[in-house]
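Worksheet: the structure to be examined is printed underneath.
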Amino acid sequence: MFAGFIAPGYSCSDPVGASTTNVFTGNIAHSSEVSGFMIFLDISVPSSSTCYQADNLKTYKNAGPGIGSLFKSDEFRVTNYVGIDNTLGVSLNLALETDTEKLLVLKDSFIYGETSDLAKDCPDGSGSATGADCYCKEKMGHMSTIATRTGKEPPHIPMASARPVFKAKSYSTWSTKATLDNVHFFNFKS
């Protein structure tokens, strides 16, 4: 398994939070060994190949990114996301075999590096000889956003060599724009 949830996003032609398709929203992913959410485009909705989105998702304490993508679409949007204590923050990526403009959007979201409000992974210090927390990794809030010529085939990626999903094995494409709009980062060390 390479994510806590592997789920389709919904078409950008539907308003955020009011999709007419089968929507995966309002969920929490935590303590996954890799990604919390892997959101792929819904191949049953043709407009998803142009733009797909996810909203109202929360993640904490995932060993990889809290939310990620690397699927074939022109645009991927994430709105109202909260991520806490995820090792690799957010990993929004796209794949398309052309150099047409691609857009990745993270909007109205909160990303926390460390917080004292969550319980320690090993509160008694049993995870190490020094008594420190047993899963204390350096955190990042946002991985570099990329677009490649080839991506992953949704929804499941059977070959272990193709995982983790954010591991790109293709030439990059031009004309990719990443927009972070009203995204707040807290509790990261420089």
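Things worth noting here:
- In the range 21-37, the residues that are assigned to a loop (DSSP other than H, G, I, E, B) and polar (S, T, N, Q): Thr21, Asn22, Thr25, Asn27, Ser31, Ser32
- Cβ-Cβ contacts under 7 Å between residues 6 or more apart (or on different chains), taken from a first residue in the range 81-98 that is of a type in the set (D, E, K, R) to a second residue that is in a strand (DSSP E or B), are listed as Asp85/Tyr60; Asp85/Tyr112.
- Matching residues in the range 75-103 - criterion: being closer than 30 Å to Thr115 by Cα and among the small types (Gly, Ala, Ser): Gly83, Gly89, Ser91
- Among the residues of the range 38-57, just one is charged (D, E, K, R) and assigned to a loop (DSSP other than H, G, I, E, B), namely Asp42.
- So Ser144, is it farther than 17 Å from Thr25 by Cβ, of a type in the set (Gly, Ala, Ser), modelled with pLDDT under 85 and under 14 Å from the mean Cα position of the chain (by Cα): yes
- For the range 167-190, a tally of residues being part of a strand (DSSP E or B) and either out of contact with any Gly (no Cβ under 8 Å at 6 or more places or on another chain) or modelled with pLDDT under 85 (or both) returns 10.
- Being at pLDDT below 90 and of a type in the set (Asp, Glu) is a property that Glu101 has.
- Some residue of the range 66-77 being within 20 Å of Phe188 (Cα to Cα), modelled with pLDDT of 90 or more and in a loop (DSSP other than H, G, I, E, B): yes
The values are calculated or read from the model by the stated rules, or taken from the named source; none is laboratory data. Just so it is clear, the model here is predicted, and its values are computed rather than measured. For neighbour counting, all protein chains shown are included, and Cβ atoms are generated from backbone atoms with ideal geometry for every residue, glycine included.
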